[in-house]
Each structure stands twice: as structure tokens, then as C-alpha cells.
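Below you'll find the structure, written out as C-alpha cells, and then a few comments.
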Amino acid sequence: MTLEYVTGSVPVEQLSITVQDENGNARNLSAYSGATLLVSGPDEIGRTGGTAAISDAANGLVTFTWPEATLFDVPGDYRIALKLTAGSGADYTTPMRVVVVRGLED
């Protein structure tokens, strides 16, 4: 799955991500205490902001609330992934592609 946004977008609606296992089933996230959304731009520089929370651990659901400033400052291919934390350990999801296109106002 690929997400698409326009340069400068600051999404109002939260992003819901279902973490899946190798068979495509929702993964139980009960062992994890927190989540962070990692964003890498086309320049491979990380973007930060917003908050991620495990909103339904049994069904593998993580909800991300976007920051007040855009994470999509230039057009191109971005990658997003989740960092799931538990104590001193962490697991990472496979990165997902995000395409950011120039808007009509640019």
C-alpha cells in the first residue's frame, strides 16, 4: 500500500496503522509499551513531530496524530515505519512508501 499527500499537507485526520505479522494477520501488540512513527524524506533526512500511540493492542492498531507543521516539505518518495518499544528493546515495522506530489498552488 502506498499513501499519497501533497507538499505542505498537514493532515487533520489521524493515521491508523494496523501492524501485521508475516501472514498478513493483525499482530498483538500487548507486549509493547509505546510506539513512534519514523518518517524519512526523499533526501533521507528524518522528520519528527506528531505522536503515535498503541490504540488497540489486541488488534495491532497504532494511531498517529500529525504535528501542527508539515512533515512533507518537498515532493518525492518518503518512507514511514513504526518503532515499537518495550523496556530497553525495540522492534521496527517494514517501511511503507509515501508519495508526496507538488500541489496546484506551488
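Across the options Asn28, Val10, Leu38, the greatest Cα extent toward the positive end of the charge dipole of the chain (unit charges at beta carbon of Lys, Arg, Asp, Glu) belongs to Asn28. Here each label is just a point 7 Å from Cα along the line to Cβ, and for Lys83 and Thr2 those points are 2.7 nm apart.
Peptides 30-36, 2-8 ranked from most to least packed give 30-36, 2-8, packing being the mean of other C-beta atoms within 10 angstrom over each peptide's residues. Each residue, Asn25 and Thr94, gets one label point 7 Å from its Cα in the Cβ direction; the gap between the two is 1.7 nm. A simple rule links phi to the HN-Hα coupling: the Karplus curve 6.51 cos²θ - 1.76 cosθ + 1.60 with θ = phi - 60°, which for region 67-75 gives x, 6, 10, 5, 9, 10, 7, 9, x Hz, with x for Gly and Pro.
The magnitude of the dipole of the chain, with charges of +1 and -1 set on the Cβ of Lys/Arg and Asp/Glu and taken from the Cα centre, is near 240 debye.
Between amide H atoms placed 1.01 Å from N, distances below 5 Å from Gly34 occur with Thr85, all of them 5 or more places distant or on a separate chain. Of the DSSP beta bridges with both residues in the chain, give the percent that are antiparallel, rounding to the nearest 5. Taking every DSSP beta bridge with both residues in the chain, the antiparallel ones total about 90 percent.
Taking the average, over residues, of other Cβ atoms within 10 Å as the packing measure, peptides 48-61, 92-105 rank 48-61, 92-105 from highest down. By the equivalent-ellipsoid construction on the alpha carbon gyration tensor, the chain comes out with semi-axes of 26, 13, 13 Å, ordered largest to smallest. Take every Cα pair under 8 Å whose residues are at least 6 apart in sequence, average their separation, divide by the length of the chain, and the relative contact order is 36 percent.
Coordinate-derived values only; no laboratory data. No experiment lies behind these values; they were computed from the predicted model shown. Glycine also receives a Cβ, built like all others from the backbone with ideal geometry; neighbour counts cover every protein chain displayed.
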